[in-house]
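Asker: I am attaching a structure below and will ask some questions about it afterwards.
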Amino acid sequence: MEEIQTKIIKVDEKNLKEDLIKLGANVIKEGGLVAFPTETVYGLGANGLNEEAIEKIFIAKGRPQDNPLILHVASVKQVESLVESIPTEAKILMERFWPGPLTMIFKRSNLIPDMITAGLDTVAIRMPNNHIALELIKTSGVPIAAPSANTSGRPSPTLASHVIEDLNGKIDMIIDGGSTGIGVESTVLDVSGDVPTILRPGGITLEDLIKVIPKVEEDLSIIKDDKNIIPKSPGQKYRHYAPKADMVVFTGEVQNIVKAINEYTDKYISQGKKVGIMATEETKDEYKKGIIISVGSRKDKKTIAHNLFNTIRLFDEKKVDIILSEGVETFEIGTAIMNRLKKASGGNIKGV
Ligand code: AMP
Ligand code: MG
């Protein structure tokens, strides 16, 4: 692929400069690629109605063509022309959670290029809760297609430096708006069928959703540890978020996890391996060997979600051979964290 000059601009979300946003919007209008911050992770944006621009996203990321993209909008009004209809429950959810980390899957309209939906008859849409993202969409005047701004398979970017690491020389512009808040991607909720169904757990939790609508289901692939179940969300079938090192995730009582990780650390070190331990604030002092990084506090799992992908990338920087990671309990945001850890480790989960 031909190298291009990637322009990097710094934008302060709290003090938006119109002319800087215009620079980004012009790139989008001209069919180019702009990475920008959202409240979840950095997105790699293109004009969502321009097939040629969308194709560039797949090429830059090395993304499989059968993995559909999310369209990002700046108003509910903008959704109307993109979908067949907006179900009542979706309207309620938009009112409550938009802008925010909730992507909804609708029956698509004819306006949507096939490449967005990977040929499906549905389309994924969300409104991000970040001023830079919202202004970029408004100023571009089009819905922006934006998957995470990483090379396919790598951990999602939560800092502009992660985007630079993966995509410098492959995209037109990176808007550096600092660290993203939530740190894991949006929840993907299918509202195109009878019962709203979570296809990917994320920033808005099952517990959040059922406070607002009476019935929400989870795709079987999220609930069951069965490799034969094909996820309804095409992206969920791929290895994702993966570090360069091997990874094992330990689940169970915290004391058992610590004991097991210490035993495995001894075993791998005796084999001459460099071991990374993804610990938590509460447990980090119980490890004595290996490279120990705390990912956040068990008492505030949002800090774990926020730090997760950056911590995985840190272990890559330290060139460890294996990452031994603590697991967390699967409720609230813990469901999304464990989903990412499961994918990052290629399903290498050990109950202890
Ligand atoms: P990414 O933006 O890379 O974090 O991934 C977007 C996620 O949304 C992937 O898991 C996609 O498979 C999923 N997705 C996008 N469009 C659809 C759709 N029409 N139906 C089901 N899942 C979708
Ligand atoms: Mg992604």
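Asker: Check each of the trypsin sites (Lys or Arg not before Pro) in segment 177-273 and keep only those in coil by DSSP with at most 12 other C-beta atoms within 10 angstrom; list them in order. Please report the intermediate quantities before stating the final value.
Answerer: Numbers: sites: Lys211, Lys215, Lys224, Lys227, Lys232, Lys237, Arg239, Lys244, Lys259, Lys267, Lys273; in loops: Lys211, Lys215, Lys224, Lys227, Lys232, Arg239, Lys244, Lys273.
Sparse-neighbourhood loop trypsin sites (Lys or Arg not before Pro): Lys211, Lys215, Lys224, Lys227, Arg239.
Asker: Taking the Cα centre of the chain as the origin, how large is its charge dipole in debye, to the nearest 20, when only Lys and Arg (+1) and Asp and Glu (-1) carry charge on their Cβ atoms?
Answerer: It works out to roughly 640 debye.
Asker: Measure up Lys7/Lys91; Lys22/Lys61; Lys77/Lys211; Lys170/Lys244; Lys14/Lys56; Lys29/Lys91 against 27 Å on the Cα-Cα distance and list the ones that go over. Don't skip to the answer; put the middle values down first.
Answerer: Values: Lys7/Lys91 38 Å; Lys22/Lys61 24 Å; Lys77/Lys211 25 Å; Lys170/Lys244 21 Å; Lys14/Lys56 31 Å; Lys29/Lys91 29 Å.
Table pairs above 27 Å Cα-Cα are Lys7/Lys91; Lys14/Lys56; Lys29/Lys91.
Asker: With runs of 4+ DSSP H residues as the only contributors, calculate the mean residue ellipticity of the chain at 222 nm using -39,500 (n - 2.57) per run, divided by the residue total and rounded to the nearest 500. Mind showing how you got there, number by number?
Answerer: On the way: 12 runs with 112 residues, N = 352.
That comes out to -9000 deg cm²/dmol.
Asker: Let me ask something else. Measuring from a point 7 Å past the Cα of Glu95 along Cα-to-C-beta, which residues in segment 113-133 have an amide N at less than 18 Å?
Answerer: 127
Asker: With label points built 7 Å along Cα→Cβ from the Cα atoms of Asp285 and Lys267, find their separation and express it in nm.
Answerer: 2.9 nm
Asker: Let me ask another. Taking the 0 to 90 degree range and rounding to the nearest ten, how far is the long axis of helix 18-29 tilted relative to the main principal axis of the chain, both from C-alpha atoms?
Answerer: Computed tilt is about 80 degrees.
Asker: How high is the relative contact order of the chain, in percent, counting Cα pairs under 8 Å that sit 6 or more residues apart? Intermediate results must be reported in sequence, preceding the final value.
Answerer: Values: 787 pairs, mean separation 68.1, N = 352.
Relative contact order here is 19 percent.
Read the figures in this text as sums done on the coordinates, not as results from a lab. Treat the numbers as computed from the prediction; the structure is a model and nothing was measured. Note that each Cβ is placed from the backbone with ideal geometry, even for glycine, and that neighbours are counted across all protein chains shown.
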